[in-house]
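First the structure, in the form of structure tokens, and then the observations on it.
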Amino acid sequence: MSMSLRRVTDEQYARIAQGTALPIEQAPVWDNFDRLVPGREPWRRYVFVDGEQPRALLSLTKMSGPGPLCYLWAKYGPVWLDEPTAEDEAELRRLLGVTVRRALPRAVFVRLHAFHEALDLRPILQGITWDRTVIVDLSPGEDAVFAGMKQQGRRAIRKALRDESLTVTEETAQTEESFAELYAALQETGAREGFGPHPAKHYLNMLHALGPEHARLFVTRRDGRALAWAIVVINDGHALYSVGASNAEARGAYAADLLQWRIMQTLASEGIEKYDLAGAGSDRFPGMHGLTQFKTKFERTITEIAPAWDFPVRPVLYRGLVAARAAKHRLAAVRRPGSGE
């Protein structure tokens, strides 16, 4: 049979996706958020077919690049409707490259996920990706989920539950004023873990654009003070821990452990089946190792997933971006205090 990549409407996309749990970033509702983020805009949706049989779905966001250039981002996509071979993934990329070069000449690369390494894929220029994650199966019910945790996870939750000064509440309805306290904890977390958070407006836009059906915010407080918080995004019965933060006081109080347990209880009570804790360390991505111990308290099994890659559609321009980024890093190293310059 012949493979093809067909552009589809939102309605056609939704009809083909019936029965498949779409990651929210690959669902049409995500467009509401993308439209609010500077430098982003929804681009197109495609279905990859073998003859007349749909094999994969793909939603693409256009991201502004340096100058007039741009790239496309299929976060958590393509969504395969069956298990792909390396040849399947390669053929999808080949067809996508032809389409993008024709329809969007300014696009330098497409960032997408792939299970199989290949010569046409490159490690992502910037950002964080992973090839393993921790997914908690909530369908057996609260008691079974708790019993399935590691002993250290159950112990941490029990200690936090005995602390009557701790409470966990859902606080999805946020204003700029109320979010300021939470954002301070995120800045503290970023300084501790070595990342720079988006501006506060980014997270408020996520909550407002997706709405409480798809984005929820939970907070652990002690005597009214925020110690830890998390935004969870939800689609098609699956939830993802999207972003979170905790301050120094939270660690000794097991506030983050209690937070995750209350989130799981809430999601399970609402019929959510899977809760993805978003990433675990591996030999390929050792930077995630620091989070693995915490996440595997709640679920022993680590799930293999497809990491993100850059797929250059304009290889010469892409090599230029790689060289420019390397030069920028060298310059930053020279200017760094203590570098000897």
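Quick note: the coordinates plus some simple rules give every number you see, no bench work behind them. All values reported here derive from a predicted model rather than from experimental measurement.
Across the chain, how many lysine pairs, 8 or more positions apart or on different chains, have C-alpha atoms separated by under 28 Å? Please give the number.
Here the count comes out as 19.
Amide H to amide H, which residues 5 or more places from residue 239 or on other chains are under 5 Å from it, using H placed in the peptide plane?
274, 275, 276
Could you derive backbone 3J(HN,Hα) for the stretch 294-302 from the dihedral phi with the Karplus parameters 6.51, -1.76 and 1.60 (θ = phi - 60°), listing whole Hz in sequence and x where the residue is Gly or Pro?
5, 5, 6, 4, 9, 7, 6, 7, 9
Separation of the stretch 65-142 and the stretch 163-209 by C-alpha centroid, Å?
Centre-to-centre (Cα) distance: 29 Å.
Report, in degrees rounded to the nearest 10, the 0 to 90 angle that the Cα long axis of helix 86-103 makes with the longest principal axis of the chain.
70 degrees
Starting at the first residue of the stretch 278-293, write each ³J(HN,Hα) from the Karplus equation 6.51 cos²θ - 1.76 cosθ + 1.60 with θ = phi - 60°, in whole Hz, x for Gly and Pro.
6, x, 8, x, 8, 4, 6, 10, x, x, 8, 4, x, 8, 5, 4
At what distance in angstrom do the alpha carbon centres of the stretch 301-321 and the stretch 235-268 lie from each other?
30 Å
Given H placed 1.01 Å from N in the peptide plane, which residues other than close sequence neighbours of residue 3 have an amide H under 5 Å from its amide H?
51
Helix 151-162 against the longest principal axis of the chain: what's the angle in degrees, Cα atoms only, rounded to the nearest 10?
50 degrees
Report, in degrees rounded to the nearest 10, the 0 to 90 angle that the Cα long axis of helix 176-193 makes with the longest principal axis of the chain.
Between helix and principal axis, roughly 80 degrees.
Pull up all non-local amide H partners of residue 44: gap of 5 or more, or a different chain, and H-to-H distance under 5 Å with H placed in the peptide plane.
Amide H neighbours of residue 44, under 5 Å, 5+ apart: 60.
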